[in-house]
1. Any residue that is within 16 Å of ligand 2 (Cβ to nearest atom), of a type outside the set (S, T, N, Q) and either touching a Lys or Arg at 6+ places or on another chain (Cβ under 9 Å) or at negative phi (or both) - is there at least one of those in the range 339-357?
2. Tell me, which helices (runs of 4 or more DSSP H) lie completely within the range 224-307 with 1 or more residues that are away from ligand 1 (no atom under 15 Å from the Cβ)?
3. Please find, among ASP282, ASP347, ASP334, the residue that is out of contact with any strand residue (DSSP E or B) (no Cβ under 9 Å at 6 or more places or on another chain) and at pLDDT 95 or above.
4. Go through (1) surrounded by 14 or more Cβ atoms within 10 Å (Cβ to Cβ); (2) over 13 Å from TYR104 (Cα atoms) and name the single condition ALA204 misses.
5. Inspect the range 328-343 for any residue being within 18 Å of TYR130 (Cβ to Cβ) and touching a Leu at 6+ places or on another chain (Cβ under 9 Å) and give the result as yes or no.
6. Against the condition away from ligand 1 (no atom under 16 Å from the Cβ), in contact (Cβ under 8 Å) with a residue 24 or more places away in the chain and in contact with a helix residue (DSSP H, G or I) (Cβ under 7 Å, 6 or more places away or on another chain), how does LEU166 come out, does it pass?
7. Can you find even one residue in the range 338-348 that is buried (at least 23 other Cβ atoms within 10 Å of the Cβ), within 16 Å of ligand 1 (Cβ to nearest atom) and in a loop (DSSP other than H, G, I, E, B)?
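The values are calculated or read from the model by the stated rules, or taken from the named source; none is laboratory data. Given the structure is predicted, the values throughout are model-derived calculations rather than measurements. Heads up, the Cβs are rebuilt from the backbone with ideal geometry, glycines too, and the neighbour counts pull from every protein chain shown.
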Amino acid sequence: MKMVFRWFGEGNDTVTLKQIKQIPGVEGIVWALHDVPVGEEWPMDRILQVKEEADQAGLHIKVVESVNIHEDIKLGLPSRDQYIANYIKTIEKLAKVGVKVICYNFMPVFDWVRTDLHKELEDGSTALFYEKDKIAGLDLQEHVQRINADPSFSMPGWEPERLARLTELFEAYEGVTEEQLWANVKYFLDEIIPVAAANDIRMAIHPDDPPWSVFGLPRLMTGQANIRRFLALHDSPYNGLTLCSGSLGANPANDIVAMVHEFAERIPFAHLRNVRVYENGDFIETSHRTQDGTVDMAGIVEALSQHQYEGFCRPDHGRHIWDEHCRPGYGLYDRALGIMYLWGLWDMHQKQHAAATKGADASL
Ligand code: DNO
Ligand code: MN
């Protein structure tokens, strides 16, 4: 397991590269050019600038999250070919600087959805919160106005230009069924996966967050059966999954340990975090410890260890603790604590595995 840490870039993140380097076992950053409009080709000089900064800090840039997918690709519009051509050029450039994994998602209109970015937990820390009924009864237009008035309601991944076009987008998605979305993702993969393979970059789709349909929009990456179907669209190691335990874990019916066992070879990247799901379907992002939420974190790390997982892993989101002011979900402290918990679980299993292997060797 290779530990990496998401970093939003100089001037765009409260955490510094120096701090990241001091978290035990972190070898690289998870990065993106967040200000390049979705669909455009990433400029090489900007890519090189991030490489230079990371090099100086002693961190690598092998994992990118995300090269976002233009809405026209998801909608299957004729203009998608141009956006796919741009995507291919970006893949080729990223390969030149040593990128090995590209995380992306195929969620219509929205990336992750929450109703409160600073919900207080019992210990006085705050975390991202999702109230199921609120979303089910949400007036979308009102919510857009709320974000326009106070951008802190927005999220990384909710690109401003996307929000501005919201009404238009909703009209465009009218009548787009789940099956059409499957056809559109297949079209994208048919073009992209051969390029990714030629450039030795593993594409890693992120599950939908939350893993069910929101605002009546179709969603694909919601559970084990659909992930299986997705991976079978291109049976190649370059067509992979970002195993996000927090996203998938928001639906308690998802057995993430079983997913690790089934998909291990196809997981180049894992997001490991916990959530607590309440009986009414609401959920909150808790600390990483198994007992603090409803996701079997210990079981997931054990399963990864059983498969001798060699992919990348990041602690994903954390709570806001110790009065830290940071991007919602992306503070230093709780994510660093999460990393130490993940290492603790991992090292224990690896040590047991090494002892068992040695024992087996000795008895030969
Ligand atoms: C994930 C979130 C998302 C994620 C994208 C991946 O854990 O932070 O914004 O980065 O869905 O494309
Ligand atoms: Mn995630």
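1. Taking every residue of the range 339-357 in turn, at least one turns out to be within 16 Å of ligand 2 (Cβ to nearest atom), of a type outside the set (S, T, N, Q) and either touching a Lys or Arg at 6+ places or on another chain (Cβ under 9 Å) or at negative phi (or both).
2. Values: elements: 224-233, 245-249, 256-263, 297-306.
Helices (runs of 4 or more DSSP H) meeting the threshold: 224-233, 256-263, 297-306.
3. ASP347
4. ALA204 satisfies every listed condition except (2).
5. Yes: one or more hits.
6. Yes: the conditions hold for LEU166.
7. Checked the range 338-348: no residue is buried (at least 23 other Cβ atoms within 10 Å of the Cβ), within 16 Å of ligand 1 (Cβ to nearest atom) and in a loop (DSSP other than H, G, I, E, B).
Every residue, every condition in (1) within 22 Å of ASP209 (Cβ to Cβ); (2) more than 16 Å from ligand 2 (Cβ to nearest atom), yes or no:
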residue	(1), (2)
ASP255	yes, yes
PHE263	yes, no
TYR278	yes, yes
THR286	yes, no
ARG289	yes, yes
HIS307	no, yes
TRP322	no, yes
HIS325	no, yes
PRO328	yes, no
